[in-house]
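Below you'll find the structure, written out as structure tokens, and then a few comments.
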Amino acid sequence: MNKTYLPIKLALVAMSISAYQASAQETVRIGTEGAYPPFNYFTADGQLAGFDIDIGKAICADMGVQCEFIAQDWDGIIPALLANKYDVVLASMFITEARKEQVAFTKPYQASAMTFVVDKNSGINDVDPESMDGMIIGAQSSTTQADYLASAYPNAEIRLYPTQDAANLDMASGRIDAMVGDIMPMTDWIATQDGSCCEKAGELITNPKYVGEGVGMALRKEDAELRERINKSLANIISNGTYQKINEQYFSLNLLTLK
Amino acid sequence: MLDVLTRFAPMLADGALITLKITLLSVSMAALLALPLSLMRIQESRFLRWPVQLIISFFRGTPLIAQLFLLYYGSGQFRPFLMEMGLWGFFRDPVNCAILTFTMNSMAYQTEILRGALQSVDKRSVEAGKAMGMPMNLLYRHIVLPLAYRTAFPALGNEVILMLKGGAVASVITVMDLMGQTRRVFSQSFDINVYLVAAAMYLIIAIVFVSIWRLFERYLNRHQSHRVIRRKPITNRTALN
Amino acid sequence: MDNLALLSFGSQGWGDELLKGLCITLLLAFLALPIGLIIGTGVAGLSVSSSRFGRAFATFYTTLLRGLPELLTLFIIYHGLGLLLNQLIKWLNPDIKYVEFSPFAAGIIALALVFSSYAAEVIRGAWQAMDKGQKEAGIALSMNRWLIFWFIERPQIVRLALPGLGNLWINLLKDTALVSVIALDDLMRAANIAVGATKKPFLFYLSVCLVYWLICILCERVLFKMETRLNRGISAGK
């Protein structure tokens, strides 16, 4: 692409947006998964809710724009962003090198770590690759957990689920010996009745090679301007305490420090 | 394209083997079950006919993916009970659940195909057998069933193809069949060519199978090779034919 | 009973979400049906045409789409066509940002394509099963080609193809469940979401199975009535 035309293009794009929304307030479309409690999930009245949703609303309020949330399955969440189904992915996505080839991330809005979960009665204490040899380990597909398992646990049988909920169901029913998930939802899940079967095992997995630099919002690479505005608003809601308030509604741990 | 092939072909080939295994196991077990059921289905007695009709209607009237979810995640909910019965070891494995679901589904369709074929058997052939004083079991073994299976043969072949294609839904319960491997590779690479390679593999499997099935069909009908065979479809659920 | 409460309507139960999903399912099927029928008729026309290329294309089309898993067709349309469309539009006019390619559109296109490939075979079969003497009778009455098609051939094709098309319609209804995999909020996905929230897979999957079953039974009844009606002039003579 010829760079000199870029400002003209941007101007044209901006014009088309402003023409389109001459009467209405600017709308930012946010894609999320809706199957990842407590970060994003559907309530019984069909509404999206959760930590990600509240953070999204707070950022939109700070930016002074309208928010529209769109649910998308995880496997298609980046393709749909690239196909302009929405402008931002706000779905507790780890910032990884592989994903950076496709999309651009905002500053992290959560720190990231993964953990193993095993059945309380399984007697599994060590989760290093040797002791997990031949075991069945579950994870959600297209996630960093799935990549981690594929490269660090070549001798385990790896099952990949379309949603974390589906993996949780099979963990509770004992179909899999262990699973790997993000620290927060796993902590949350084992505290529920459904997850009472299970407990965390091993050390937290914080190797940046797998968990990246944290959890960010993903945008199309060319939407640099929107990305900067989101980064600014994110910094605002962290400094004015809004972030902390939302954090406390869902978790006892601080998501930025994991403490 | 070539690059995609060399990188992903081994994984997709692994998946294709699982797809073949699941399809062949399901349709052959279904074939074993379909015979007695179709014989029950053509009886005069309502008590024999109705349960079979109900089962067939359910499996033909609901989506395969819904049946699979019901059996897979539904059985997970009844784990304590299944453990007590000693069945959990079976239900624990997603491949087993897929094979069980597909067997029941294919059983329903094959029973209907066989019912049609049994009812289309020329009454005069049966009467000829009776006139020779053949007992019931001989009559079925030597006259009714060979005629019925020959009539049903093309439709049964279609059913295998439909199971091969329908079986792709097993990928949603973590089975790493051809579809499952394809989706995994796509989710890592976002390379649309992966789907095209998978499509080619499915087509090749289907075409090879159809060719083999046609050879068998010609073998079964070899006594009629001097005649022009016009066969009527037994069922309207058609695939490659 | 709490199971009933879970299926109830309102903010606590999932009944209203399932009903919404059912509407999407039916909408998908009813939109894919006419599109599939039109394409199917066109392909059937090609397959009985005198053009060699037309016949070859029809064979290729039906073999390809009937040989691929419906799920794979859906993924290819959803991920592939969306990407292609955007590249094409970008190439035509770089100033247009992107075009939306929704799972709903992908679902309808994929379902219609699959339906059309099977329908083409059914319609072709009906065409070929028709008594050629009928057409000759039309020619003897000096009717032109279009009159013959509309008054003689079309009604007979409809009658002969209806049982086959009826079965395809039932298959189409069931195939809509596959769109749940690309996050279209149909009946099946509504059940998936409800299961994720309530951890009651047996209850919800059994319920949606029963809903699909009921719809299929209803459709079979209606189709049976339609067939009887279309055959009213035929069976009496025998």
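Values quoted throughout were computed directly from the atomic coordinates according to the rules given, and no laboratory measurement underlies them. Computed from a predicted model, the values in this text were never measured in an experiment. Virtual Cβ from ideal backbone geometry, glycine too; neighbours counted across all protein chains shown.
Brief remarks follow.
- Compared with the dominant principal axis of the Cα atoms in chain B, helix B:2-41 is inclined by about 30°.
- For the segment A:36-43, counting C-beta atoms of other chains within 10 Å of every residue's C-beta and taking the mean gives 2.
- Scaled radius of gyration (Cα, divided by 2.2 N^0.38 Å) that chain A gives: 1.07
- Distance histogram in 5 Å bins (all Cα pairs of the range A:123-259, percent per bin): 2, 8, 16, 18, 18, 15, 10, 7, 5, 1, 0
- Once the Cβ-Cβ distance of C:L92 and C:R52 is raised to the sixth power relative to R0 = 25 Å, the FRET efficiency obtained is 0.15.
- Cα radius of gyration and Dmax for the range B:13-64 (Å): 14.8, 49
- Diffusion constant of the range A:60-198 at 4 °C, which comes from Stokes-Einstein with the Kirkwood Cα-pair radius and 1.567 mPa s, µm²/s: 78
- Inter-centroid distance (Cα atoms) of the range C:210-236 relative to the range C:109-132, Å: 19
- C-alpha long axis of helix C:82-92 to longest principal axis of chain C, angle in °: 70
- When chain A is treated as a Gaussian network with alpha carbon springs shorter than 10 Å, the biggest mean-square fluctuation among A:K57, A:K245, A:K232 belongs to A:K245.
- Normalising the average separation of contacting C-alpha pairs (under 8 angstrom, six or more residues apart) by the number of residues puts the relative contact order of chain B at 29 percent.
- Working note: Karplus 6.51/-1.76/1.60 with θ = phi - 60° gives the range B:63-77 the couplings x, 4, 5, 5, 4, 5, 4, 4, 6, 6, 6, x, 5, x, 5 Hz, where Gly and Pro are set to x.
- Contact order for the range C:2-235, expressed relative to its length and based on alpha carbon pairs under 8 Å spaced 6+ residues apart, stands at 26 percent.
- Burial order of peptide ranges B:166-172, B:115-121, C:160-166, A:121-127 (average beta-carbon count within 10 Å, highest first): B:166-172, C:160-166, B:115-121, A:121-127
- Of the trypsin sites (Lys or Arg not before Pro) found in the range A:128-214, no site is in coil according to DSSP while having at most 14 other Cβ atoms within 10 Å of its Cβ.
- For the range A:36-69 and the range B:142-189, distance of Cα centres in Å: 42
- Stokes-Einstein D in µm²/s, Kirkwood radius over Cα pairs - chain B at 10 °C with 1.306 mPa s viscosity: 79
- Taking every DSSP beta bridge that has both ends in the range A:114-211, the antiparallel portion is near 60%.
- Note, ³J(HN,Hα) from phi for the range A:234-240, Karplus 6.51, -1.76, 1.60, rounded to Hz, x at Gly and Pro: 4, 4, 4, 6, 6, 6, 8
- Within the range A:114-211: Cβ-based charge dipole about Cα centre, in debye rounded to nearest 20 (Lys, Arg +1; Asp, Glu -1): 140
- Hz values of 3J(HN,Hα) by residue in the range B:192-201 - Karplus curve (6.51, -1.76, 1.60), Gly and Pro given as x: 5, 4, 4, 5, 5, 4, 4, 4, 4, 5
- The angle between the Cα long axis of helix C:201-230 and the longest principal axis of the Cα atoms of chain C comes to about 20 degrees, rounded to the nearest 10.
- Projected-area mean, the protein assembly as shown, by convex hull of Cα positions, square nanometres: 39.6
- Across chain C, Cα-Cα pairs farther apart than 29 Å form 44% of the total.
- Remark: mean inter-chain Cβ contacts per residue of B:166-173 equal 6, using a 10 Å Cβ-Cβ cutoff to other protein chain atoms.
- The residue among A:P208, A:M186, A:I230 whose Cα reaches farthest toward the positive pole of the charge dipole of the range A:164-237, with charges on the beta-carbon of Lys, Arg, Asp and Glu, is A:I230.
- When each of the peptides B:15-25, A:162-172 is scored by the mean number of other C-beta atoms lying within 10 Å of its residues, the order from highest to lowest reads A:162-172, B:15-25.
- Dipole magnitude of the range B:2-224 about its Cα centre (Cβ charges: Lys, Arg +1; Asp, Glu -1), debye to nearest 20: 580
- Counting only aspartates and glutamates at least 8 places from C:K90 when in the same chain, those with an alpha carbon closer than 15 Å to its own are A:E222, C:E100.
- Ellipsoid equivalent to the range C:93-201 - semi-axes via the Cα gyration tensor, in Å: 43, 21, 8
- Remark: the range A:174-259 carries a charge dipole of roughly 240 debye about the Cα centre, counting +1 on each Lys and Arg Cβ and -1 on each Asp and Glu Cβ.
- DSSP bridge analysis restricted to chain A gives an antiparallel fraction near 60%, rounded to the nearest 5.
- Gaussian network model of chain C, springs between alpha carbon atoms under 10 Å - residue of C:L46, C:L83, C:L187 with greatest fluctuation: C:L83
- Of all beta bridges that DSSP places with both ends in the protein assembly as shown, some 60 percent have antiparallel geometry.
- P(r), alpha carbons of the range B:121-198 - 10 Å bins starting at zero, rounded %: 16, 26, 16, 14, 14, 11, 3
- Measuring r between the beta carbons of B:L20 and B:L87 and using R0 = 25 Å, the FRET efficiency lands at 0.45.
- Springs between Cα atoms under 10 Å define the GNM used for chain B, and in it the highest mean-square fluctuation of B:M136, B:M29, B:M104 occurs at B:M136.
- For the range A:53-138, GluC sites (Glu not before Pro) meeting the loop criterion (DSSP other than H, G, I, E, B) and having at most 12 other Cβ atoms within 10 Å: A:E101, A:E130.
- With a Förster radius of 51 Å applied to the C-beta separation of C:T63 and A:S239, the computed FRET efficiency comes to 0.20.
- Theoretical ellipticity at 222 nm over the protein assembly as shown - DSSP helices of four or more residues, -39500 (n - 2.57) apiece, nearest 500: -19500 deg cm²/dmol
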